[in-house]
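What follows is a set of notes on a single structure, which appears directly below.
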């Protein structure tokens, strides 16, 4: 019955959304642990520039966004370690300048009809088969890389110097983390849009924090919260015709509040 | 250099933003010895240690490590990421995977067996430092480098921790280099003292160092304060941190 009324676009949206929730859940915990929320914003906002450059160069927007996001992540990594500007100032400059340049360039493109609303807030229901392939393949690559370097990634999060002395190649592990986050952000653009990507990274991870006692547990719980939010957001959008991207984020935020209430009650009752 | 030396620092100078942090420093770390680096705030103690560990590069001079030595490092009080849920056991295993019998032995040695399943975020200062020490010892180090090992530990815990470090050295025969700025507890349990104030003011056995004029110039106020807690007078001026304002540290 359900399958009969589910159209292709809805199935694509479900697969893309769940894949994204999986990967964002895994990388999101690192964003929360390393306090990289501003970093996520900076990449997300400036990846709008990727869309614009994609149109100018005639490259598929999805691919252009990946290239620009990864370049900006690497550039930021180099700049933060060299400049004396405090990193939240630097990231603030990057973030909003990227967004502004992207908007200016997009407005000057003649003869291209661009769904700006879709770029800013996401349009998961318009995920095409090409987008789907890109999301699934990028997602699998990110998951494999994260699994391989899991211990080293945890080590640098806990203590950078200690990790270095224990033989972890800190610089390269940091590069891997940055690139992975950039890849997730470029995957997320189509689904929740430039302005809400960071929410998808940090809200499920932050929700999972209150109920977990190990890094792996927090990661798994963060993935579950992400997937529930995607399903909830799609359902809300289906029944009440709400915008899908924002609905997903609202769902995740609701879970965050519920989990924290549960944790609070558990602490009060001491169980 | 002596073939016995585990690690030697030769003529190391460090400048950061055109400020001299270390000037022409020499250190030799011998097997089985406890060397304590003391000095006032801003004397470059932590920088010297980071140079020894290879975490920072010197502007000039060399650091030579004996081939194949394993170093255990205990950082200054760890800023554990507040949103990271992690048990003590998992934190230690992150440093190195070892047989559980060996792990149990080291946990026993550092007295943390009962807190292995606690969350890192809930530990007290003393427990925290013992856990860090355990993670360093898991690597079976020839050289232990400890940055302010008793920072954030209550007074009764401080001497217990120094005693633990002395016991570990005795049992394992590893060399220990530690940075500290409290004098008395350190003097009791150390073989070599290196008195640092950007350059090496004096070095040697604790007794000889405490009698040297460079040491008294550098620590005069503190030694005086600890001996006469209620009434003490000064025949010299010093800054708010207790450092002597006139450059009293002359050496050839």
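The values are calculated or read from the model by the stated rules, or taken from the named source; none is laboratory data. Small disclaimer: the values here were computed from a predicted structure and weren't measured. Here the Cβ positions follow ideal geometry from the backbone for every residue, glycine too, while neighbour counts run over all protein chains shown.
At a glance:
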read-out	value
Matching option when the condition is away from chain B (no Cβ under 14 Å), at pLDDT 95 or above and either within 27 Å of residue A:130 (Cα to Cα) or in a helix (DSSP H, G or I) (or both), among A:194, A:257	A:257
Strands (runs of 3 or more DSSP E) contained in region B:1-77 and holding at least 2 residues over 30 Å from residue B:95 (Cα atoms)	B:7-16, B:19-29, B:60-65
Leading residue by the ranking (surrounded by the fewest Cβ atoms within 10 Å (Cβ to Cβ)) among those in region B:71-101 that are farther than 30 Å from residue A:210 by Cβ and within 10 Å of chain A (Cβ to nearest Cβ)	B:96
Residue check for residue A:156: crowded, with 18+ Cβ neighbours inside 10 Å and modelled with pLDDT of 85 or more	yes
Residue selected from region B:119-140 under the condition surrounded by fewer than 20 Cβ atoms within 10 Å (Cβ to Cβ) and more than 18 Å from residue B:77 (Cα to Cα), by the criterion nearest to the other protein chains (Cβ to nearest Cβ)	B:139
Residues of region B:163-203 that turn out to be touching a strand residue (DSSP E or B) at 6+ places or on another chain (Cβ under 9 Å), closer than 24 Å to residue B:42 by Cα and part of a helix (DSSP H, G or I), as a count	3
Helices (runs of 4 or more DSSP H) contained in region A:119-179 and holding at least 2 residues more than 10 Å from every other protein chain (Cβ to nearest Cβ)	A:129-148, A:150-158
